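Step one of this worksheet: look at the structure below.
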Amino acid sequence: MAEKRNLKCERCGRDAYYMEKCDYCSRNVCRPCQKSSLTASKTERKVICRDCWGDTKKRKAFKSA
């Protein structure tokens, strides 16, 4: 029998099917915990979580990407 993958958000603890890694704190976060995301280039996608959005240094780094 196949084992179920445990996909838990590291910020809120919810079970989530789709997870992305925050580029500023390296935590796997679900969609509701993502504050913003942008496509930096054709192959690179930047994601920032709600906790990192509150830190102005991390927010400036995200906006300048």
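Being of a type in the set (A, V, I, L, M), farther than 29 Å from S64 by Cβ and at pLDDT below 90, is that true of even one residue in the stretch 17-40? No, every residue in the stretch 17-40 fails to be of a type in the set (A, V, I, L, M), farther than 29 Å from S64 by Cβ and at pLDDT below 90. Scanning the stretch 24-57 for residues that are basic (K, R) and within 13 Å of the chain's Cα centre (by Cα) turns up R27, R31, K35, R45, K46, R50.
The values are calculated or read from the model by the stated rules, or taken from the named source; none is laboratory data. As the structure is a prediction and not an experimental result, all values here were calculated from the model. With ideal geometry, Cβ positions are generated from the backbone for all residues, glycine too; neighbour counts draw on all protein chains shown.
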